[in-house]
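Enquirer: Structure in structure tokens, see below.
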Amino acid sequence: MLVTVKLFASLTRFLPAGASGNEARVEVEQTMSLESLIARLGLPHEQCHLVLVNGAYIEPSRRAVVVLRPEDVIAVWPNVAGG
Amino acid sequence: MSWTRKLLRVDLDARTCGAEPLNMEWAERYIGQRGLASKYLSEEVDPKVDPLSPANKLIFATGPLTGTAASTGGRYSVVTKGPLTGTIACSNSGGFFGAELKFAGWDMIIFEGRSEEPLYLCIENDRAQLLPAAELWGRSVWETEALIRKRHGDPQLRIASIGRAGETGCLFAGVVNDLHRAAGRTGVGAVMGAKNLKAVAVRGTLGVKVADPKAFMAAVAEGKAKLATNPVTSQGLPTYGTQVLVNVINEAGAFPTRNGRDVQFEGARRISAEAMHEKRPTDGKPNLLRNGACFGCTIACGRISQIDRGHFSVKDKPRYWEPSGGLEYEAAWALGAATGVDDLEALTYVNYLCNEHGMDPITLGATIGAAMELYEIGAIPANETGGLKLTFGSAEALCKAAELCGTGEGFGREIALGSKRLCEKYGHPDLSMTVKGQEFPAYDPRGIQGIGLEYATSNRGACHVRGYTISSEILATPVKTDPLVTEGKAELCKAFQDATAVVDSAGICLFSTFAWGIPDIAPQIEAACGGKWPVERLIETGERIWNLERKFNLAAGFSAKDDTLPKRILKEAAKTGPAKGKVNRLHEMLPEYYKARGWTADGIPSNRTLERLAL
């Protein structure tokens, strides 16, 4: 199944080949967890500060149990802030 | 101690400048800057005064850490009764002006009355004089700074001035210093213009003394080490600036778009921090040139941009070709998403106009967004705009409307009133995205519940930097709370508001608090000021300042009925994103907030609360 991965700020460099702007379409297995996807993308664990699935924040402790669904949008940022 | 213990009182009617001792009893209870200036304003100005009348006063105030070695210690505030809202107004700026004022030996300047003709104040240490500004009137901020330096033959003068917006009565005119740092919000520049005061120029060589230099340097070193190792203040902000939030808030479904019709903007990425780093297809150069820092700052979040010279907005206008202050998150949102414009170069140009003419980009963009909605529904007749086609997404209309507003011409005079008055005039008051007359910043309260409470209760009208609950609700700093729930938001909002009042009164930047808590700031204040400043005292001081401001607003005629949000936010559900189908549930939070504050159900501080805070 396909999901959309969006990586921002300093994580932009981990976008897979074929990405456009800050996002890429990624083929994943039906039962893949969010944490497995993060690992597959090679994202340093400590830099995944904000992880949103379809805009909703997923706590670090839940990333291993959240199973991806078709057409999910996963967005990841390091620790950032503004105002 | 790091107060100079001296204020400068300037009588614009009599054209006199006189030194006065700072009221140290008040300084001990209100710290400085926002808190102390609000105390002076409350004591000296009738809260019912017409903000643009000579009876209003205008205060430039530094904090005890301004001009010291404390990181980010370059802040000053402009405090007055605001013309946009009618509330107490306080607008905070960085750059180098605040520190220079302190080096000249002044904690504060209080301007009274109104001059018959344009003047500017020039301060060189103890020597302060009012000088004619006839040649400066009608000039931009950028021209004014250059002309004053030339006149005095001193390139090191630091200058805070108004542009043409402040002169022509734009109700959201700001005071701009160092070309592109601004006390931007609440219309403090309009008050300055109404007083016929064009600028304040300062040169100081006296330095700042602290109570315990050894302890101070130790506390400062510890603070700087934290900023240098925190990922936000050492990497995120210097590299991407506040602009990094565009994609974050858009993905979270709380990016107010087209005057709040939508909560997500399809053009968000094109106006984001990431886009500012990318090379333009037109000239092969990125919009962002480098970052920049204010006085004493070890974060350096500022954006220095350079527009594509071939872009329609600046073609044949060389004064906009040089590097200058680039887009921050709020400006990019207001000028971009609120108007539906995704042209990064156009937004950068309009941001330059805001600096050049002295306008608040948040209210400017939000008001143009409101005008676009009024135009599209036919409420603003096409023959009233002087040919301006105010359609959402039009970069040309945005640029033209901003130009006219900056110089006070044509339909720009209507924009200059802000969206509340504009929407009332054209028969749709509900389309103004304001609280107490001031426009929302860049977070939609349907997608982030706590910030709605903050907008509703902010003492200067809708504002995010009076209590930045976004830190917790979205950015997970220091702890994550769910943006879609209302439970616990009253206490969260109060905690942020009280802590922020401390930061705003100390002379340091709010952005330090992405790494620092009050326990990190307390030792720096204690070593600078002398005496004991434990965390509890500081937090209580923040609460005292909040209640003082509230008392001013109540006396000015505001009440609990003004602690509300626009109908769109309370009744029209978000269409997309995680908040789809949701509105802001202010009614669930506001009673809890009043309770947490020790106020009556009518939003009035109880006698017990006032006694506890010695108010």
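Enquirer: What single numbered condition from (1) surrounded by fewer than 24 Cβ atoms within 10 Å (Cβ to Cβ); (2) assigned to a helix (DSSP H, G or I) fails to hold for B:V49?
Expert: (2)
Enquirer: Restricting attention to the stretch B:155-168, does a residue exist that is under 21 Å from B:T367 (Cα atoms), part of a loop (DSSP other than H, G, I, E, B), open to solvent by 10 Å² or more (accessible area, probe 1.4 Å) and modelled with pLDDT of 95 or more?
Expert: So far as the stretch B:155-168 goes, yes, one or more of its residues are under 21 Å from B:T367 (Cα atoms), part of a loop (DSSP other than H, G, I, E, B), open to solvent by 10 Å² or more (accessible area, probe 1.4 Å) and modelled with pLDDT of 95 or more.
Enquirer: Given the conditions (1) in contact (Cβ under 8 Å) with a residue 12 or more places away in the chain; (2) over 23 Å from B:G94 (Cα atoms); (3) buried (at least 23 other Cβ atoms within 10 Å of the Cβ), report the number of the one that B:I521 does not fulfil.
Expert: The number of the failed condition is (2).
Enquirer: Would you check which residues across the stretch B:573-588 are loosely packed, with under 15 Cβ neighbours inside 10 Å, away from chain A (no Cβ under 11 Å) and either in a helix (DSSP H, G or I) or of a type in the set (V, I, T) (or both) and list them?
Expert: Scanning the stretch B:573-588 gives a single hit, B:H587.
Enquirer: Here's a follow-up. Among B:L388, B:L417, B:L492, B:L475, which is in contact (Cβ under 8 Å) with a residue 12 or more places away in the chain, of a type in the set (A, V, I, L, M) and under 24 Å from B:A560 (Cα atoms)?
Expert: Answer to the selection: B:L492.
Enquirer: I've got another one for you. What helices (runs of 4 or more DSSP H) lie completely within the stretch B:334-421 and have 3 or more residues being open to solvent by less than 10 Å² (accessible area, probe 1.4 Å)?
Expert: B:344-357, B:361-376, B:395-407
Enquirer: If I filter the stretch B:561-584 down to residues being over 24 Å from the mean Cα position of the chain (by Cα) and hydrophobic (A, V, I, L, M, F, W, C), which single residue comes out as nearest to B:K420 (Cα to Cα)?
Expert: B:L570
Enquirer: Next question. Restricting the search to the stretch A:29-38, which residues are open to solvent by less than 40 Å² (accessible area, probe 1.4 Å), in a helix (DSSP H, G or I) and of a type outside the set (V, I, T)?
Expert: If the condition is that a residue be open to solvent by less than 40 Å² (accessible area, probe 1.4 Å), in a helix (DSSP H, G or I) and of a type outside the set (V, I, T), then A:L34, A:L37 are the ones that fit.
Enquirer: Taking the options B:E20, B:E43, name whichever one is in a strand (DSSP E or B) and open to solvent by 50 Å² or more (accessible area, probe 1.4 Å).
Expert: Of the residues listed, the single one that is in a strand (DSSP E or B) and open to solvent by 50 Å² or more (accessible area, probe 1.4 Å) is B:E20.
Enquirer: So, one more: Within the stretch B:237-251, work out how many residues are facing chain A (nearest Cβ under 8 Å) and open to solvent by less than 10 Å² (accessible area, probe 1.4 Å).
Expert: We begin by selecting, within the stretch B:237-251, every residue facing chain A (nearest Cβ under 8 Å); these are B:237, B:239-245, B:247-248, B:251.
If we keep only those that are open to solvent by less than 10 Å² (accessible area, probe 1.4 Å) too, we end up with B:237, B:241-245, B:247-248.
So the answer is 8.
Enquirer: Another question about this same structure. Scan the stretch B:447-480 residue by residue and report those that are more than 13 Å from chain A (Cβ to nearest Cβ) and outside any strand (DSSP E or B).
Expert: Within the stretch B:447-480, B:Q449, B:G450, B:G452, B:L453, B:Y455, B:A456, B:T457, B:S458, B:R460, B:A462 qualify.
Enquirer: For the stretch B:502-544, which positions are in contact with a Gly (Cβ under 7 Å, 6 or more places away or on another chain) and either outside any helix (DSSP H, G or I) or outside the structural domain of B:G598 (by TED's automatic domain parsing) (or both)?
Expert: The answer is B:G507, B:I508, B:C509, B:W516.
Yes/no per residue for (1) basic (K, R); (2) without any contact (Cβ under 8 Å) to a residue 40 or more places away in the chain:
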| site | (1), (2) |
| --- | --- |
| B:V208 | no, no |
| B:G223 | no, no |
| B:R270 | yes, no |
| B:D308 | no, yes |
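Enquirer: I'm trying to understand the selection: among the residues of the stretch B:216-235, which are assigned to a helix (DSSP H, G or I), within 11 Å of chain A (Cβ to nearest Cβ) and open to solvent by 10 Å² or more (accessible area, probe 1.4 Å)?
Expert: Within the stretch B:216-235, B:P231, B:S234, B:Q235 qualify.
Enquirer: Then there is this: Do we have B:A490 as over 21 Å from B:V583 (Cα atoms), more than 14 Å from chain A (Cβ to nearest Cβ), open to solvent by less than 20 Å² (accessible area, probe 1.4 Å) and assigned to a helix (DSSP H, G or I) here? Explain how you work it out, then say what you get.
Expert: Working: over 21 Å from B:V583 (Cα atoms): no; more than 14 Å from chain A (Cβ to nearest Cβ): yes; open to solvent by less than 20 Å² (accessible area, probe 1.4 Å): yes; assigned to a helix (DSSP H, G or I): yes.
Here the answer is no, as B:A490 does not meet what is asked.
Enquirer: Condition check: more than 14 Å from chain A (Cβ to nearest Cβ) and part of a loop (DSSP other than H, G, I, E, B). Does B:F312 satisfy that?
Expert: So B:F312 fits the description; yes.
Enquirer: Can you give me the number of residues within the stretch B:117-154 that are open to solvent by less than 60 Å² (accessible area, probe 1.4 Å), assigned to a strand (DSSP E or B) and not hydrophobic (A, V, I, L, M, F, W, C)?
Expert: 2
Enquirer: Just a yes or no: is a residue in the stretch B:200-213 within 13 Å of chain A (Cβ to nearest Cβ) and in a helix (DSSP H, G or I)?
Expert: no
Enquirer: So, in the stretch A:39-83, exactly how many residues are away from every other protein chain (no Cβ under 12 Å), out of contact with any Asp or Glu (no Cβ under 6 Å at 6 or more places or on another chain) and assigned to a loop (DSSP other than H, G, I, E, B)? Full working, then the answer.
Expert: Pass one, the stretch A:39-83, residues away from every other protein chain (no Cβ under 12 Å): A:39-43, A:45, A:63-72.
After this cut, where a residue has to be out of contact with any Asp or Glu (no Cβ under 6 Å at 6 or more places or on another chain) as well, the list is A:39-43, A:45, A:65-72.
In the following step, the residues that additionally are assigned to a loop (DSSP other than H, G, I, E, B) were identified as A:41-43, A:65-66, A:68-72.
Number satisfying all stated conditions: 10.
Enquirer: Does A:V26 fit the bill of being within 14 Å of chain B (Cβ to nearest Cβ) and open to solvent by less than 70 Å² (accessible area, probe 1.4 Å)?
Expert: Criteria not met by A:V26.
Enquirer: Among the residues of the stretch A:1-23 satisfying the criterion of being out of contact with any helix residue (DSSP H, G or I) (no Cβ under 9 Å at 6 or more places or on another chain) and either in a strand (DSSP E or B) or crowded, with 19+ Cβ neighbours inside 10 Å (or both), which is farthest from the other protein chains (Cβ to nearest Cβ)?
Expert: The residue in question is A:L2.
Enquirer: Does B:C509 satisfy being open to solvent by less than 30 Å² (accessible area, probe 1.4 Å), farther than 27 Å from A:L52 by Cβ, within 14 Å of chain A (Cβ to nearest Cβ) and out of contact with any Leu (no Cβ under 9 Å at 6 or more places or on another chain)?
Expert: So B:C509 passes the test.
The values are calculated or read from the model by the stated rules, or taken from the named source; none is laboratory data. What you see is a predicted model; the values in this text were computed from it and never measured. With ideal geometry, Cβ positions are generated from the backbone for all residues, glycine too; neighbour counts draw on all protein chains shown. Calculation scope for accessible area: heavy atoms of the full protein, side chains included, ligands and nucleic acids excluded. Shrake-Rupley method; radii C 1.70, N 1.55, O 1.52, S 1.80 Å.
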